[in-house]
1. Please work out how much length the chain gains when fully extended from Arg118 to Leu35, using 0.36 nm per residue of separation minus the C-alpha to C-alpha distance, in nm with one decimal.
2. Where does each of Glu110, Glu129, Glu89 land when they are ordered by accessible area, with a 1.4 Å probe and the largest first?
3. Using +1 at the Cβ of each Lys and Arg and -1 at the Cβ of each Asp and Glu in region 80-199, identify which of Gly137, Leu187, Ile121 lies farthest towards the dipole's positive end.
4. Let me spell out the model: positive unit charges on the Cβ of Lys and Arg, negative unit charges on the Cβ of Asp and Glu, origin at the Cα centre of the chain. What dipole size does that give, in debye rounded to 20?
5. Quick one: length gained pulling Lys42 to Ala99 fully straight, 0.36 nm per residue minus the C-alpha distance?
6. What accessible area per residue comes out for the chain, rounded to a whole number of Å², with a 1.4 Å probe?
7. Cα to Cα, under 17 Å, and not fewer than 8 places away if on the same chain: which aspartates and glutamates meet these conditions relative to Lys205?
8. Evaluated at 37 °C with a viscosity of 0.692 mPa s, what Stokes-Einstein diffusion coefficient in µm²/s does the chain have when Rh comes from the Kirkwood expression over alpha-carbon pairs?
Amino acid sequence: MQLQPTDALLVIDVQNDFMPGGALPIPDSDAVVPLINALAKKFDHVILTQDWHPTQHISFATTHAATHANAQPYETIQAPYGPQTLWPEHVLQHTEGAAFHPALSIPHAELILRKGFRRHIDSYSAFLENDHTTPTGLAGYLRERNLTRLFLCGLAYDFCVRYSALDGHVLGFETVVLEDATRPVNLPGSVDATNQSFSANRIAKIPSSELGV
Ligand code: VGL
Ligand code: ZN
């Protein structure tokens, strides 16, 4: 596949807390780092996202301990904007856990987009917060820069990569997922649901080798 100057690589949430041994570990997630570094070299435009939560964030199970007797990580509650999966406390703003993996090396990354920084609303997607309405500004940035095709990689396949790819597609960007440069959290059914929604929306998945990596 031939890359063009209007292509961008979107690197989702390659942060310490999502690594094995981190606060919200994703199996084998550190394996994607060298691959993403190599992919980035092929792109003129690279954008990083950084999940970035305040204390007592709505997505933390601990935030709900007083009001929901059995609020546990990986269970789902009803938030005012719809279902919200609960997580261990992760990527607290300005902590080491929120920092990018130390081996992530993309000096020419042109934008770091933070998301999930509001206490009362989570944001899996790089485009829209979990109410599926509040924009992060990324679509406007991409349109103004005339970046029309997006290649997604990073973490987690079944959450932030999933919703970023879907929203990117719905917002009119050509969207391709780099299947070997992402890893899932893998909650019950989450990978199947992701695969199905990608097929239903004809969101392509390709291996990095198609980009010569
Ligand atoms: C993510 C769960 C909670 C992700 C972020 O990056 O996929 N998952 N926060
Ligand atoms: Zn998060």
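The values are calculated or read from the model by the stated rules, or taken from the named source; none is laboratory data. The structure displayed is predicted, hence computed values, not measured ones. Methodologically, a virtual Cβ is constructed for each residue, glycine included, from the backbone with ideal geometry; neighbour enumeration extends over all protein chains shown. Note: areas computed on protein heavy atoms with side chains; ligands, DNA, RNA excluded. Shrake-Rupley method; radii C 1.70, N 1.55, O 1.52, S 1.80 Å.
1. On the way: separation 83, 0.36 × 83 = 29.88 nm, distance 3.12 nm.
Here the answer is 26.8 nm.
2. On the way: Glu110 65, Glu129 10, Glu89 85 Å².
Largest to smallest exposure gives the sequence Glu89, Glu110, Glu129.
3. Gly137
4. Numbers: 13 positive and 22 negative charges, 74 e Å.
Using only the charged Cβ atoms, the result is roughly 360 debye.
5. On the way: separation 57, 0.36 × 57 = 20.52 nm, distance 2.39 nm.
Contour length minus Cα-Cα distance gives 18.1 nm.
6. Details: 9440 Å² over 213 residues.
Computed with neighbouring chains in place, this is 44 Å² per residue.
7. Result set, ordered by chain and number: Asp7, Asp158, Asp167, Glu174, Glu179, Asp180, Asp192.
8. Details: Rh = 17.2 Å.
Estimated via Stokes-Einstein, D reaches 191 µm²/s.
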